[in-house]
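The structure appears right after this line, and notes come after that.
Read the figures in this text as sums done on the coordinates, not as results from a lab. Given the structure is predicted, the values throughout are model-derived calculations rather than measurements. In this analysis, Cβ positions are derived from the backbone assuming ideal geometry, glycine residues included, and neighbour counts consider all displayed protein chains.
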Amino acid sequence: MQNQSFGILRGLRRFTEGSVIKIKINDVLLQTVTKVASFVILTFSVYLFLAGHHNPGGGFIGGLVVAAAITLLFLAYDVKTVRAGFPPVDFKVLAVSGVLLAVITGMGAVVFGKPFLSHAFGYFNLPLFGETELATSVIFDVGVALAVLGTALSIIYTISEDMCIWKR
Amino acid sequence: MIMNNLVAFPLLIPLLAGLIMAIYRKSIPFQRWFSLFSFSLICIISFYLIQQVSIEGIQILELGGWQAPFGIVLVVDMLSALLLMTTGFIGLTCVLFAFGSIGEEREQFYFYPFFQFLITGVNGSFLTGDLFNLFVCFEVMLISSYVLISLGGNKIQLRESIKYVVINTISSTLFLVGIAYLYAVAGTLNMAHLSVRVAESGQPGILTTVAVLLLIVFSLKSALFLFFWLPGAYSAPPTAIAAIFGALLTKVGIYAIFRTSTLIFYHQLEITHTLLGVMAALTMLFGGIGAVAHWDIRNILAYNVIIGVGFIVSGVAIFTPASLIGATYYFIHDMVMKALLFLLGGTVIRIVGSNKLKEMGGLIRNHTLLGWMFFIAALSLAGVPPLSGFIGKILIIQEGLASGAARAGFYWLAAIGLLSSLMVLYSLMKIFINGFWGETLLAQDMEKGDTKGLLLPCVLLTAAGIIWGVGAEIFYPFVEQAGESMVNPNLYIEAVLREVV
């Protein structure tokens, strides 16, 4: 138990200082747990996202939980390694395109002559799922999730790098 | 179902424009052109909305098709439409000024997107028909302003932005508390619905208390009496940003005072509106003393913003149809003129390289146009006919003197209003005499900065100010309609709650 909490502390230090640390630290416990836990967390986030249509949950909390999983990866490994595994998307652009997606979904209603932010839904027979409810508000929610994910990750990513981007 | 999707566009255009610009943040020419495009589009759409409102009456949009007291509505009456148009125009001129003055570093670090988000918040506040949504739009506006005030990270900027953020966080918290009280007492936050419920109950003591709490919140935001944070905060950021702050941010607070004290809490005039009057009078006095005392251009201009706030609110305090029309007229005049004044002051500081009045002189020899525009702005703010300040001032002061018999008596408010005009004139003439007259201290080649591209937005604003004054006969029907919908809240209520009431 104590060993594990030290592991997190070390992870935090490595996280804040990037590749500055030269000493080899043994993080086996944290890294092994993270490998399994991040999958559980990501799965749970998908559940939360989809549950949000009728029950507690939704895009905001779904996005936040994804961000939590990725933050855990950042802590267990270091920022550079994890970043290399993702497509090279700027998190800020991710957040912006999320909001853009949400607003444009809302404006779709304007095109159909309905009030701004109106949403439509219908029941469709899909091959594998049988009769399924499909709603345009899910697209809106995807936008919200992307916005939250992008914002949370760009905050984490910004405080992890220790350099000033403003020219003096 | 009643709807007019056009109502949402003054809010959506800057939002979309800001988002798209944030994606292409490296491409500065694109952001510049897109900013101009966005503000022009806002102007055109609000012009169309003014036409629609003047012909068909108040326009509303129920978002997502949810009916009025339950869902959220956007409402455009004549007051909102006029303010939207003015906001678009001021945004256009300030962004034009920013092209030549803001510097490449700020341009690369999201200056234009946050400018758009600021306008989103301002327009949203003018549009919304729901008190909680007003809070949200305030926050959108304030968060963008936090970024704009600290962008660049100078020592002064950081010091002032901490104060600014703390003050606004406190007032936002109080706003939320006030909203919670109001919801607990009245059970609704839709402004039209609130108006009905408050009228039914006859505004008992608890509602008046909430009204005073909200008044404190809005006066913190609009620098009415509680203005101690303003001079520092508005003199820290670069000129283009200071101008948009001086012209728009405090005015959103005043708009909120207009709405709450004419639409919702108008049953206990002797408490709420007398308090408004006292605060307006003190604001004008203290602002005037500040403007007269200072010898620093930025501080003089910041104190002039405070005097303007006091004068507009005194029109609401007197609360007769003509004084409300006067206040609306002066409101729009003040927005345009404050933007102009800040831009001119910024240009002078750029040329001289200092904001101390004693270190400048004789600028009119090399900068004739600049000097005359400053002179016109000064006369207009002091209320010299036929410039735009005159009509607003005469309506408010006339009503202040006339309503003496009917209610508590507002002779003192009218007198202080006149006194404040003199103080405005004195403080601005001080800048004019010290800065533009006298011996020319700087030869043309010794000047610290050039005026390339900076005069066009000033000329546009001066022209708008002159047209607003000389063409008063043309604009009066529109302003009258704005005043009418404030005097008669039923117009607003019937437009919003058509199916319920």
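Annotations for the structure displayed:
- Paramagnetic reach from residue B:459 in the range B:93-117 [backbone N under 13 Å; point 7 Å along Cα→Cβ]: none
- Members of B:155/B:338; B:26/B:338; B:163/B:221; A:35/A:92; B:155/B:356 lying beyond 23 Å, as alpha-carbon distances in this model show: B:155/B:338; B:26/B:338; A:35/A:92
- On Cα atoms only, tilt of B:321-352 relative to the major axis of chain B in degrees: 30
- Chain B: relative contact order in percent, alpha carbon pairs under 8 Å with at least 6 residues between: 17
- Exposure proxy shown here: for B:139, B:473, the number of other Cβ atoms within 10 Å sets the order, fewest to most, as B:473, B:139.
- The modelled label-to-label distance for the pair residue B:289/residue B:107, using points 7 Å beyond Cα in the direction of Cβ, is 4.5 nm.
- For the range A:81-168, alpha-carbon Rg over 2.2 N^0.38 Å: 1.51
- In range of the label at residue B:212: residues from the range B:256-292 whose backbone nitrogen is under 14 Å from the point 7 Å along Cα→Cβ: B:268-279
- Two-decimal Rg to Rh for the protein assembly as shown - Kirkwood Rh, Cα set: 1.01
- Exposure proxy for B:221, B:163: other Cβ atoms within 10 Å of each Cβ, ordered fewest to most, give B:163, B:221.
- Placing a label point 7 Å from the Cα of residue B:174 along the Cα-to-Cβ line, the residues of the range B:243-280 whose backbone N sits under 17 Å from it are B:250-258, B:260-261, B:272-273, B:275-280.
- J(HN,Hα) series, the range A:122-128, from Karplus relation 6.51 cos²θ - 1.76 cosθ + 1.60, nearest Hz, glycine and proline x: x, 10, 10, 8, 9, x, 8
- All-pairs alpha carbon distance profile, the range B:114-269, 5 Å steps from 0, percent: 2, 10, 19, 22, 18, 12, 8, 6, 3, 1, 0
- Extension reserve of the residue B:447-residue B:372 stretch, reckoned as 0.36 nm per residue once the Cα distance is removed: 25.1 nm
- Between the beta carbons of residue A:26 and residue A:159, assuming R0 = 30 Å, the FRET efficiency works out to 0.75 to the nearest 0.05.
- The GluC sites (Glu not before Pro) of the range B:357-446 that DSSP puts in a loop, and whose beta carbon has at most 15 other beta carbons within 10 Å, are B:439.
- Net dipole in debye of the protein assembly as shown [+1 Lys, Arg Cβ; -1 Asp, Glu Cβ; about Cα centre; nearest 20]: 1900
- Ordering B:66, B:229 by the number of other Cβ atoms within 10 Å of each residue's own Cβ, fewest first, gives B:66, B:229.
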